[in-house]
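Let me begin by presenting the structure, written as structure tokens, before commenting on it.
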Amino acid sequence: MSTSDDTVRDTLLSTPIVGEWTLSKILSTEATNLVKLWEDGVRDKVEYGGGIYIKDGGARPFINSAKGNNNNINIERFRAAPQGSKILVEFHTHPGKQPKDGRPSDGDVSNHWDRTSKNPGDKHAALVVTTTNKPSGGWGKRAVVKKQYAVVVWEDASKDVRIWAMPRLTAKPDFNDT
């Protein structure tokens, strides 16, 4: 990873989302729950998605999630926090262990742009939980384009799983240079 990737990742991990809740702090308690949902999705061949929230004055986040289908989950409903709480993170899983499943998709990035461009005050993070597998020839030019839209913020190589975070985008994604 380049220095700029490290800077983006470090900023994503350390910037408060709500109060003292940073992505780093959230992942320290909730990464294992996200991995469990990813493992369930691999087993069931479906995407899982949802939100991670903090109750007003709460000491620990909680997850609300649902099962989608083999290549989609509508997470729109999870963007509104339950009464008396605030959203910290929205997430979804990619259920496959094939290399193509190992990155956020163009649709993931475009949906993230649509949400953040319409809600400039919204600070909650967007995560995608995937396999660590990648194509034998690497990602090629596609990786260069995608790096500006998502970075790895957590990984467990023993389980072949990683968590990507998408930073707030400052321009509409352009995938034409792939």
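The values are calculated or read from the model by the stated rules, or taken from the named source; none is laboratory data. Remember, it's a predicted structure, so these values are computed and weren't measured experimentally. Ideal geometry is used to build each Cβ from the backbone, glycine not excepted, and the neighbour counts take in all protein chains shown. For accessibility, only protein heavy atoms count, side chains too; no ligands or nucleic acids. Shrake-Rupley method; radii C 1.70, N 1.55, O 1.52, S 1.80 Å.
Some observations on this one:
- Nearest-10 value in Å² for the accessible area of W113, using the 1.4 Å probe: 50
- Value of relative contact order over the range 1-63, rounded to a whole percent, pairs C-alpha under 8 Å and six or more apart: 17
- Rounded to the nearest 5, the antiparallel percentage of DSSP beta bridges internal to the chain is 85%.
- At the listed q of 0.10, 0.15, 0.18 Å⁻¹, the Debye profile of the chain, built from one uniform point per Cα, gives log10 I(q)/I(0) equal to -0.35, -0.84, -1.25.
- Ranking G121, L37, T15 by how far each Cα lies toward the positive end of the dipole of the range 1-133 (charges on Cβ) leaves L37 at the top.
- Net charge dipole size for the chain [Lys, Arg +1 and Asp, Glu -1 on Cβ; Debye, nearest 20]: 140
- S14 accessible area, assembled protein chains, probe 1.4 Å, Å²: 80
- Unsatisfied cross-links (Cα-Cα over 24 Å) in the set K134/K172; K86/K134; K86/K118; K97/K172; K25/K86; K67/K159: K134/K172; K86/K134; K97/K172
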